[in-house]
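Colleague: Dropping a structure here in structure tokens format, bear with me for questions.
The values are calculated or read from the model by the stated rules, or taken from the named source; none is laboratory data. Everything quoted here is computed from the prediction, not taken from an experiment. Because the Cβ atoms are built from the backbone with ideal geometry, glycine has one as well, and the counts that use them run over all protein chains shown. Heavy atoms of the whole protein, side chains included, go into the accessibility calculation; ligands, DNA and RNA do not. Shrake-Rupley method; radii C 1.70, N 1.55, O 1.52, S 1.80 Å.
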Amino acid sequence: MVVFSVQINIERTPEGLFQTLSRDRRLIFAFLATVFMSIVCASLSLFTDPGHIARVIAAATWTALCVPLFIVYAYLRALKLINPRHQLSMLLARTARYLKQWSKRADRLKPWIVQGLQPPPPLDDQNNVFDYARAHFLSSHSQWISFPGRAISQAMTYARTYAKTGDSQVVGIALYTVTNINTAYIAAKGRTFYSHNALVNDNRSSDGVITHTLEAYRQSLRNAVRSNDETEVTQLLAGLGTLAVAYSEIRYPRPIDPLYHATLAKGYLTQEVLEMLPHVSTDVMMQGAKNIADLSGLFLRAPDLVVQQTLSSALIAIAQYGLTNPKNSPASQRAVEQLTRISILLIRAPEGDAASAHTNVTKQMFQFAKLVFKTPDVGLISSHANCLSPYFGGGILLDMETFDSRVTAIVNAVMEADGNNEGARRIIDNLADWSEELPQDVRDLLGAATEARTRYSASIVWWLINISTALYAASTAHAGNVGDRETLKDRASWIMSAINFIPHDEHGVSAMRAVDIPEQLLRMAGQLKNFALNNEAVGLGKLIDNWLLETIPHTDSHEVAEGLFGLAALYAHLQEPFEITALTNGMRSQLPLKPGYTAEYKAAAIAQMKERLENVETGHVDMMSYVENMAANVYRFQLCKNNS
């Protein structure tokens, strides 16, 4: 059985590792011990002295027992040695031990090396903690990296060999070994890594072991794509992502140094994912999008935020490919979902100009949405929702993981924080800076949606209402400063003004019936009243006023009456009698200007408003009507105020 196993596995074992296994000390010791015990047992028959018979019998018994025990041990050891899992663990252990030895040598020789460096390195520079002594020692013995390089090659050979037989577990262990070897190499090299300088071409940032590892991954990935092995492709993509995480732990000498080697691994990952799109299935595309988005959490430091735009660009490329190839359309949805994750991470970014990176990501998302609007909107459910619902909502499932829902959850947490909470203050700063260009971008997006006559334009309106509400709420948080509060209120008001640019024709009004703009804005105005934002609530009232009067006669008298009645109740609650007068004058002035606004239409609207007023005064309020309930609350408030 052992011979058969060896014959089967010998061709899968790399030549260098096979030499190591063939010199296994434990197996050789067991073989020699078996031979020795056999000779001893046979030699005991030469003792003929009766006085030593007891000792001879004991020794013969002991050696007779040891022989089969050593045979069994050698048998089990041989089976263990041909197990690829054990072979990879031995490879990792030997490499880690080798690297640790070199690290200890550098530590021991450091005091002597420092004395001989010319010019002497700065010792008190807190902004540059480069280990000059270790770097000098390792560069003087450049052959030290050959062993880990061979170990990485051997582990990648295992991955390629066992992928051909479908043994994905061994492939995963081999890739895990590669990552751990790189981790041990990073620890051994210490603070001797150079980051990339965008202004100066510095070749010192290049590292032989890291480059060798990434190139081995690239070659394996392309071979896997050519052989159409999706399991191996997904494992290799995950392995590259794990390598990027390992490289993010590299300790660069200066705090301002970007994560160059993690960025390099990210570049390999995104490039390979994009190049394999025409050759892989939708599942692999979706997994690739997830692997790309998983890296976004590594680049939230100030020097690395620029990387977020390249990650989002790769995700948009995947989404566009799914858009142009309908059979891969689920990949578009997954890419947009991962783009939403990146956007939320940037809102929480602890440092740097995260708002600028977030603005670029948002612009890319809006540009993709405009491309989606150029495609036909067909199906029982808007086909545009299939691509855009993870970000804008409007899908079949409950939209609890969309961008606006997550922003609302973040703002709710910020509002509960005290004024000294630095995390909450940082989030408010990010929101204020991110929203600087948002009003114009939202207006352009809504214009593209309404121009394309897509049914999904209603979801865009829902989204901007939710985002504006969140910004208004964030402006009242204790952690924000005065400037951020005013900025957030101003941006939210400008975002809401995009509703004025919705076409007031029959198609535009019909598309917005899924939103019921007057009722939703009345709800929003009620929330602003609770936030003590009365001026902003009045501004929403003017939006409602304009929408109701401009959309006649495409809005029936029932909807107009309900909206105007609720608007009057809102103004009464805000104690704005001049606004009620302006509303009445507006109704009168519309008669000669609107052909469909006939005397009968106006009379029907007024009659329905009187009916609602009577319901409020008598207490017969329709519990399903938000407007009547709001008016009833205002009426009861006014009665209590007058009685007091």
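Colleague: Name the residues in the range 144-195 that are among the aromatic types (Phe, Trp, Tyr), open to solvent by less than 20 Å² (accessible area, probe 1.4 Å) and farther than 30 Å from PRO303 by Cβ, would you?
Modeller: Scanning the range 144-195 gives TYR158, TYR162.
Colleague: While we're here: Can you confirm whether ILE39 is of a type outside the set (D, E, K, R), touching a Ser or Thr at 6+ places or on another chain (Cβ under 7 Å) and in a helix (DSSP H, G or I)?
Modeller: Working: of a type outside the set (D, E, K, R): yes; touching a Ser or Thr at 6+ places or on another chain (Cβ under 7 Å): no; in a helix (DSSP H, G or I): yes.
Answer is no for this residue.
Colleague: Here's a follow-up. Residues that are open to solvent by less than 70 Å² (accessible area, probe 1.4 Å), out of contact with any Lys or Arg (no Cβ under 8 Å at 6 or more places or on another chain) and either closer than 19 Å to ALA449 by Cα or not in a helix (DSSP H, G or I) (or both): does the range 338-361 have at least one?
Modeller: Looking through the range 338-361, none of the residues is open to solvent by less than 70 Å² (accessible area, probe 1.4 Å), out of contact with any Lys or Arg (no Cβ under 8 Å at 6 or more places or on another chain) and either closer than 19 Å to ALA449 by Cα or not in a helix (DSSP H, G or I) (or both).
Colleague: Can you pull out every residue in the range 438-489 that is of a type in the set (D, E, K, R) and either under 26 Å from the mean Cα position of the chain (by Cα) or not in a helix (DSSP H, G or I) (or both)?
Modeller: ASP441, ARG453, ARG455
Colleague: Closer than 30 Å to GLY149 by Cβ, assigned to a helix (DSSP H, G or I) and not charged (D, E, K, R), is that true of ALA54?
Modeller: For ALA54, the condition - closer than 30 Å to GLY149 by Cβ, assigned to a helix (DSSP H, G or I) and not charged (D, E, K, R) - is not met.
Colleague: Check whether at least one residue in the range 320-334 is in contact with a Pro (Cβ under 8 Å, 6 or more places away or on another chain), modelled with pLDDT under 90 and open to solvent by 10 Å² or more (accessible area, probe 1.4 Å), and report yes or no.
Modeller: Scanning the range 320-334, I find no residue that is in contact with a Pro (Cβ under 8 Å, 6 or more places away or on another chain), modelled with pLDDT under 90 and open to solvent by 10 Å² or more (accessible area, probe 1.4 Å), so the answer is no.
Colleague: State which residue pairs qualify: first residue under 25 Å from ALA238 (Cβ atoms) and without any contact (Cβ under 8 Å) to a residue 60 or more places away in the chain and inside the range 248-268, second residue open to solvent by 20 Å² or more (accessible area, probe 1.4 Å) and part of a loop (DSSP other than H, G, I, E, B) in any location, beta carbons under 7 Å apart, and separation of 6 or more residues or different chains.
Modeller: ALA262/SER248
Colleague: Any residue at all in the range 547-564 that is in contact with a Lys or Arg (Cβ under 6 Å, 6 or more places away or on another chain) and closer than 30 Å to ASN412 by Cβ? Spell out the reasoning first.
Modeller: Narrowing the range 547-564 to residues in contact with a Lys or Arg (Cβ under 6 Å, 6 or more places away or on another chain): 552.
Restricting the remaining residues to those that are closer than 30 Å to ASN412 by Cβ gives none.
Taking every residue of the range 547-564 in turn, none turns out to be in contact with a Lys or Arg (Cβ under 6 Å, 6 or more places away or on another chain) and closer than 30 Å to ASN412 by Cβ.
Colleague: Whether any residue in the range 73-85 is assigned to a helix (DSSP H, G or I), buried (at least 16 other Cβ atoms within 10 Å of the Cβ) and among the hydroxyl-bearing types (Ser, Thr, Tyr) is what I want to check.
Modeller: Scanning the range 73-85, I find at least one residue that is assigned to a helix (DSSP H, G or I), buried (at least 16 other Cβ atoms within 10 Å of the Cβ) and among the hydroxyl-bearing types (Ser, Thr, Tyr), so the answer is yes.
Colleague: Turning to a different aspect of this structure: Taking VAL225 and the conditions (1) open to solvent by less than 20 Å² (accessible area, probe 1.4 Å); (2) out of contact with any Ser or Thr (no Cβ under 8 Å at 6 or more places or on another chain); (3) farther than 17 Å from GLY267 by Cα, which numbered condition does it fall short on, given that it satisfies the others?
Modeller: (1)
Colleague: Looking at VAL407, VAL442, VAL414, which is the one that is in contact with a helix residue (DSSP H, G or I) (Cβ under 8 Å, 6 or more places away or on another chain), open to solvent by less than 30 Å² (accessible area, probe 1.4 Å), over 21 Å from GLY352 (Cβ atoms) and touching a residue at least 40 places away in the same chain (Cβ under 8 Å)?
Modeller: Sole residue among the options that is in contact with a helix residue (DSSP H, G or I) (Cβ under 8 Å, 6 or more places away or on another chain), open to solvent by less than 30 Å² (accessible area, probe 1.4 Å), over 21 Å from GLY352 (Cβ atoms) and touching a residue at least 40 places away in the same chain (Cβ under 8 Å): VAL442.
Colleague: If you scan the range 504-543, which residues turn out to be of a type in the set (D, E, K, R) and either over 21 Å from TYR472 (Cα atoms) or assigned to a loop (DSSP other than H, G, I, E, B) (or both)? Break it down stepwise before answering.
Modeller: Our first condition is that a residue be of a type in the set (D, E, K, R); within the range 504-543, this holds for 505-506, 513, 516, 519, 523, 529, 536, 542.
The answer is ASP505, GLU506, ARG513, ASP516.
Colleague: Out of everything in the range 130-143 that is hydroxyl-bearing (Ser, Thr, Tyr) and surrounded by fewer than 17 Cβ atoms within 10 Å (Cβ to Cβ), what residue ends up being farthest from GLY208 (Cα to Cα)?
Modeller: The residue in question is SER140.
Colleague: Check SER457 against each of (1) open to solvent by less than 10 Å² (accessible area, probe 1.4 Å); (2) modelled with pLDDT under 90; (3) of a type in the set (Gly, Ala, Ser); (4) closer than 24 Å to ILE410 by Cα and name the one condition it does not meet.
Modeller: It fails just one condition, (4).
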